[in-house]
Amino acid sequence: MVRAIAALVGAAFVFVLALALFGTVSDRIKNPPAETAAEFVQGRIEATTGSHLLNAGLSSDGVLGKYDRRQLQRGFQVYKEVCSACHSIRLVAFRDLAQIGYTAPEVKAIANQWQIEQPAPNPDTGEASTRKNIPSDHFPLVFANDIAARAANNNAVPPDLSDMTKARHGGANYVYSLVAHGYVKQPTDLVKEFPDIATPKGLYYNQYFANLNIAMPPPLKSDGQVQYADGTRPTVDQMAKDVAAFLSWTAEPNLEARHAAGLAAVIFLMIFCFLAWGAYQNVWRDLKH
């Protein structure tokens, strides 16, 4: 009798939960949440400009992706000659460049010749001073603080690029799209429909930037801006792909190890399942018959 009552109570409880779930789902289908003003404007902007992210087609894409060391070195060259004037990569150490194919002497030379030196107080006077970089140092900050950064960049603070491909939706594709194909003439129809997004003086229209108006001028202005040491033709598109690949590596230098560990885990689980199935067949073979 007690078991029957408990079963009825349990069944009633499950029924009430199912009824509530059905009511919630049904109400969400019949009355979907209203679209916010920001979502409406962004949707209209994307429909008007066609600003869906482009695919950079990097070798690191996919579950088994691997970095192209030559491309990473080209990307570092683009960062060094173009991006490093404003953007830091403070989470990366000079010695980390060995992971993308640079030798120890090359890493030492890059650190020693880097245009910004490490802050180091004078040991005798305690006054502010600097010293040459060494391989164990992280890349120094471009600006000492946000005030200095704003003063040099039209009141905008250039973001650190160490984790940029992790911080932005689309990752490397976002960087590639924004740098190579984002700077276009602002559509007049778009301005007529949304007057508030007209590009003000001192900013630049970029169809892949969040609010369409960005403080950074086009960093890659023309083909040949960077002369690659390996002879690759330095088109704007190629340079954008290469720097996007490099920033993918700065954000996730252990990507290849993670992919290898994941593949090994999948293979192990497949073998384990096969062995478990074989053991099951062997143990229960006589009982089945």
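Observations
- For the range 129-196, the Kirkwood radius over C-alpha pairs fed into Stokes-Einstein at 4 °C and 1.567 mPa s yields D = 83 µm² per second.
- Packing-based exposure ordering (other Cβ within 10 Å, fewest first) of Ile116, Ile29, Ile214: Ile29, Ile116, Ile214
- Cα-based reach from Lys221 at 15 Å (exclusive), listing aspartates and glutamates while leaving out same-chain residues under 8 positions away: Glu81, Asp237
- Residue order for Ser84, Ser248, fewest other beta carbons within 10 angstrom first, comes to Ser84, Ser248.
- Among Ile147, Ile100, Ile271: highest mean-square fluctuation, GNM of the chain, C-alpha pairs under 10 Å: Ile271
- Neighbour counting of Cβ atoms within 10 Å sorts the residues Cys83, Cys273, fewest neighbours leading, into Cys273, Cys83.
- Across the chain, the longest piece that holds none of the trypsin sites (Lys or Arg not before Pro) lying in DSSP loops with up to 11 other C-beta atoms within 10 Å covers 1-184.
- Under the Debye formula (equal points on every Cα, no solvent term), log10 I(q)/I(0) of the chain at q = 0.09 Å⁻¹: -0.67
- Summing Lys and Arg as +1 and Asp and Glu as -1 over all other residues whose Cβ lies under 12 Å from the Cβ of Arg131 gives a net charge of -1.
- Cα-based convex hull, the range 238-289, per residue volume (Å³, whole number): 83 Å³
- Calculated Rg and Dmax of the range 174-289 using C-alpha coordinates, Å: 26.6, 85
- In this structure, the residue pairs whose Cα-Cα separation is over 27 Å, taken from Lys30/Lys192; Lys80/Lys241; Lys80/Lys108; Lys185/Lys241; Lys132/Lys166, are Lys30/Lys192; Lys132/Lys166.
- Rounded to the nearest 10 degrees, the angle from helix 236-251 to the longest Cα principal axis of the chain is 60 degrees.
- Kirkwood Rh in Å, taken over the range 91-179 so that all alpha-carbon pairs contribute: 15.3 Å
Throughout, read-outs are computed from the coordinates displayed, never taken from laboratory work. Model, not experiment: these values are computed from the prediction. Reconstructed Cβ throughout: ideal geometry from the backbone, glycine too, with neighbour counts over all protein chains shown.
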